[in-house]
Structure formats: structure tokens, C-alpha cells
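The values are calculated or read from the model by the stated rules, or taken from the named source; none is laboratory data. Here the structure is a predicted model, which means the values were calculated and not measured. Note that we place each Cβ from the backbone using ideal geometry, even for glycine, and neighbour counts take in every protein chain shown.
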Amino acid sequence: MNSTTNRVEGTATELGGRVESAFGDLTGDSKTNAQGGLDQVKGAAQNAFGQAQDAIKGAIDRAPDSIKDAAARAGSAAQDAVRSAGDAVRGAYDRAPDSVKQRADQVAGAAKRNPLITVALIGIAASAISHLIWGGRNDRD
């Protein structure tokens, strides 16, 4: 969705949540009241996201061409690195024994079924590796 859509839909959801919450108060229905509160928060978050999209677009539009070019080159280099890493992983997978391939497929399936847990585990692993490398130091020069 674009920023305008996010802002308009977010405002509408927030307003609807206020109405729903007020209706829940009026009727004494705590479930309706709570759902209205949830919709208010959801709408406010969507509206804020739309505002953030606008701010980012504005910053990009105001950035000098040299920065835009550098960002494009960095993005291209990152894509090339990801492609190379993917090729290396595929090559290692192709050379692996069948038992390793089967376990890798099981892990990949679990990661697809549980993406949030996967991201959390990657974050924990990255933190542990960082701690091992840097030893808990704050000076990373």
C-alpha cells in the first residue's frame, strides 16, 4: 500500500475503533470495548506507518544525486553478494550427502512455517556470534 492509503485507512480504522469502543462502553460490552481499543491502536499504527513512508520518500527526494547513486550501487552490490552466497549454498547443498539434504529440507520447512521464531533465532545467533567476536566490548574500532 502507498503512504496515502495507509494514512487514510489507518485514520478510518482508528475512528471506527473509537466508535466501537464507545458503543462497548455504552452497552457495557467489554469485548466490544476492547476490540474498539485494539482497532484504535491498529489504525494509529497504520497511520504512523504512512507518515513514516512519506518522511522517507521526502528524505530520498531531497537527497543529493551522489547519495542516491551510492545507495543504488550499495543495493546492487548487496544483491550481487546475496546471489553469490546463494550460489555457494546451492553448490554445498548439491555436494552434501542425502541425510544432510533431508535435514536441511526439514529445517527450511520449519523456518517457512514459523518465520517469527526463525527471525528471533537468527537474532539470538547473531548476538551470540557478535559477543564471541567482540567479547562484550563496546569499542568496535
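Do we have ASP141 as charged (D, E, K, R), out of contact with any strand residue (DSSP E or B) (no Cβ under 7 Å at 6 or more places or on another chain) and at pLDDT 80 or above here? Here the answer is no, as ASP141 does not meet what is asked.
Per-residue answers, yes or no, for (1) within 22 Å of the chain's Cα centre (by Cα); (2) of a type in the set (D, E, K, R):
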position: ARG18; (1), (2): no, yes
position: GLY37; (1), (2): no, no
position: GLN51; (1), (2): yes, no
position: ASP61; (1), (2): no, yes
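Rundown of residues vs (1) under 26 Å from THR4 (Cβ atoms); (2) modelled with pLDDT of 80 or more; (3) in the same structural domain as MET1 (by TED's automatic domain parsing), yes/no style:
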| position | (1), (2), (3) |
| --- | --- |
| LEU15 | yes, yes, yes |
| LYS42 | yes, yes, yes |
| GLN46 | yes, yes, yes |
| ALA52 | yes, yes, yes |
| ARG90 | no, no, no |
| GLN106 | no, yes, no |
| ILE122 | no, yes, no |
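Exposed (fewer than 12 other Cβ atoms within 10 Å of the Cβ) and either among the acidic types (Asp, Glu) or within 30 Å of THR13 (Cβ to Cβ) (or both): is that true of ASP94 in this structure? Before you say what the answer is, go through the steps one by one.
Values: exposed (fewer than 12 other Cβ atoms within 10 Å of the Cβ): yes; either among the acidic types (Asp, Glu) or within 30 Å of THR13 (Cβ to Cβ) (or both): yes.
Yes: the conditions hold for ASP94.
Within the range 88-128, the residues that satisfy the criterion of being more than 22 Å from the chain's Cα centre (by Cα) and β-branched (Val, Ile, Thr) are VAL89, VAL100. Annotation note: Cβ proximity below 6 Å between a residue of the range 49-77 that is of a type in the set (D, E, K, R) and a residue that is surrounded by 12 or more Cβ atoms within 10 Å (Cβ to Cβ) (sequence gap 6+ or interchain) occurs for ASP54/SER3.
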